[in-house]
Every structure is written in structure tokens, then in C-alpha cells.
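Only the coordinates and a few stated rules stand behind these numbers; no lab work does. No experiment lies behind these values; they were computed from the predicted model shown.
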Amino acid sequence: MSTSHVIFRKWTGRIRTAQQEEYVDYIAGTGLDDYARTPGNLGFEMLLRDLGNGETEVSTLSWWASMDAIRAFAGDKPELARYYAEDDKFLVHRPLHVEHHRVVASELRVPHIDPSVRNQVGRKA
């Protein structure tokens, strides 16, 4: 059995549902751009889940070639979440830590989704 060198990183927080469009635009220009520019990043996704109580759960998922690549993005303590200057404007739950997992099997066929042209799936009318 070959050893996986791909590392999956997951961050999950919560925002106000009313701000989700603005937050997606903000993260697309900060965290997602930083993922894409970091050598060793193999891809990323941003997920939204309306909790029905005025809050939306947000998860960013990213795949990395190594923990060294993650350190290039996150710093010397990659287990800590990386935050940006305006995050407190949006976040109602700001976890300190992220999760890292070793990928042992994978087959993705997810098409590219430009965050500026997103579908309103899961949003209540």
C-alpha cells in the first residue's frame, strides 16, 4: 500500500446568513486567493449551510501536497486557523483550530465553480 502525501485541511465557522453573499466575496479575495497562490495547494472548496436560525455554517476545504505546503499558507503553527483583518465583521463563531487529515482515497469530479457566479442552492426564499 502506498503512503498518501495529500493532506486535507478543514476550517468551519459561522456567519450571519444575511451577510453570506458579502462574506463569500470577501473570502474569495482573501483566503481562497491565498490558497490558490500557495505552492503545494492542490485545490479548495468553500461550502455554505443555512442553519435556519439566522446563521450559516461556512467550511473551507483544501487539499495540500504536504504539511510544509500548509505551513507556507498558515504559518509555523498549522493547527491554528488563519484569520484576516475583516473576519470579525462577519464571523459569529471563530474557532481557534482547524482539522488536518491524511487522504487515503480520493476521486473528485467536481466542476470549477467561480464564487462570483454562484447558485442560490440551499437559501430560503
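So here's what we get for this one:
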| read-out | value |
| --- | --- |
| Rounded if a/c under 1.5, otherwise prolate or oblate - region 1-41, Cα gyration tensor axes | oblate |
| Theoretical ellipticity at 222 nm over the chain - DSSP helices of four or more residues, -39500 (n - 2.57) apiece, nearest 500 | -5500 deg cm²/dmol |
| Kirkwood hydrodynamic radius of the chain, from inverse mean 1/r over distinct Cα pairs, in Å | 15.4 |
| Part-to-part distance (alpha-carbon centres) for region 101-116 and region 52-94, which is given in Å | 17 |
